[in-house]
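Participant: Structure provided below as structure tokens; questions to follow.
The values are calculated or read from the model by the stated rules, or taken from the named source; none is laboratory data. Values in this document were obtained by computation on a predicted structure and should not be read as measured data. Cβ atoms come from the backbone with ideal geometry, glycine included; neighbour counts cover every protein chain shown. With ligands, DNA and RNA removed, areas are computed over all heavy atoms of the protein, side chains included. Shrake-Rupley method; radii C 1.70, N 1.55, O 1.52, S 1.80 Å.
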Amino acid sequence: ITELSNVLSTLICDRSVIDNEITGELFFRYVDSVKEHFDIENKHLITELLQGHDQDSKNVANLFLSGAAEIRRLFDKYLRKWCKKGGLRVGQHDKFVQETEEMLELVLKRIEDETEKLYPLVRKQREGGGSPA
């Protein structure tokens, strides 16, 4: 996701490549990767923390769960605005670049938070530190 974000961030600035088939393929690969990431996270990691015995871990899991729901809502709204019939439809390039960069940054910030907060809790729980032995 991070690599695709970096590439897309560069590509979208060039209006002449927005409607390019390769840019579209990379864009939708990114979209699919983000959705899959949240699905896997929710089905496995968040569920695992919620089933544990540590209330602090459950609280963090609930925060990540509600955060994921909000990001999905914003992501879906963004996609409805800029994607039509399976392709990018960019009328106002400057606005598209601004909103895309905001979306990319939102997702990257989420991944950073997962790395720093969520994944350590999951590791701790798996090692027996988050639930009674």
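The rows are residues; the columns are (1) at pLDDT below 95; (2) hydrophobic (A, V, I, L, M, F, W, C); (3) outside any helix (DSSP H, G or I).
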position	(1), (2), (3)
Ser5	no, no, no
Ser16	yes, no, no
Ile22	yes, yes, no
Arg29	no, no, no
Ile40	yes, yes, no
Ser57	yes, no, no
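Participant: Okay, moving on. Restricting attention to the stretch 35-67, which residues are more than 28 Å from Leu4 (Cα to Cα), among the charged types (D, E, K, R) and open to solvent by 60 Å² or more (accessible area, probe 1.4 Å)?
Facilitator: Once the filter is applied, which keeps residues that are more than 28 Å from Leu4 (Cα to Cα), among the charged types (D, E, K, R) and open to solvent by 60 Å² or more (accessible area, probe 1.4 Å), the stretch 35-67 yields only Asp56.
Participant: Which of the residues belonging to the stretch 25-34 are open to solvent by less than 50 Å² (accessible area, probe 1.4 Å) and of a type outside the set (Phe, Trp, Tyr)?
Facilitator: Across the stretch 25-34, the qualifying residues are Leu26, Val31, Ser33, Val34.
Participant: Can you find a residue that is surrounded by fewer than 15 Cβ atoms within 10 Å (Cβ to Cβ), more than 21 Å from the chain's Cα centre (by Cα), part of a helix (DSSP H, G or I) and at pLDDT 90 or above anywhere in the stretch 97-116?
Facilitator: So far as the stretch 97-116 goes, no, none of its residues is surrounded by fewer than 15 Cβ atoms within 10 Å (Cβ to Cβ), more than 21 Å from the chain's Cα centre (by Cα), part of a helix (DSSP H, G or I) and at pLDDT 90 or above.
Participant: Hey, any hits in the stretch 70-77 for a residue that's modelled with pLDDT of 90 or more, open to solvent by 30 Å² or more (accessible area, probe 1.4 Å) and of a type in the set (A, V, I, L, M)?
Facilitator: In the first step, residues of the stretch 70-77 are kept if they are modelled with pLDDT of 90 or more; the result is 70-77.
Keeping just the survivors that are open to solvent by 30 Å² or more (accessible area, probe 1.4 Å) gives 70, 72-74, 76-77.
Next cut, of a type in the set (A, V, I, L, M) only: 74.
Within the stretch 70-77 (the criterion being modelled with pLDDT of 90 or more, open to solvent by 30 Å² or more (accessible area, probe 1.4 Å) and of a type in the set (A, V, I, L, M)), the answer is yes, since at least one residue qualifies.
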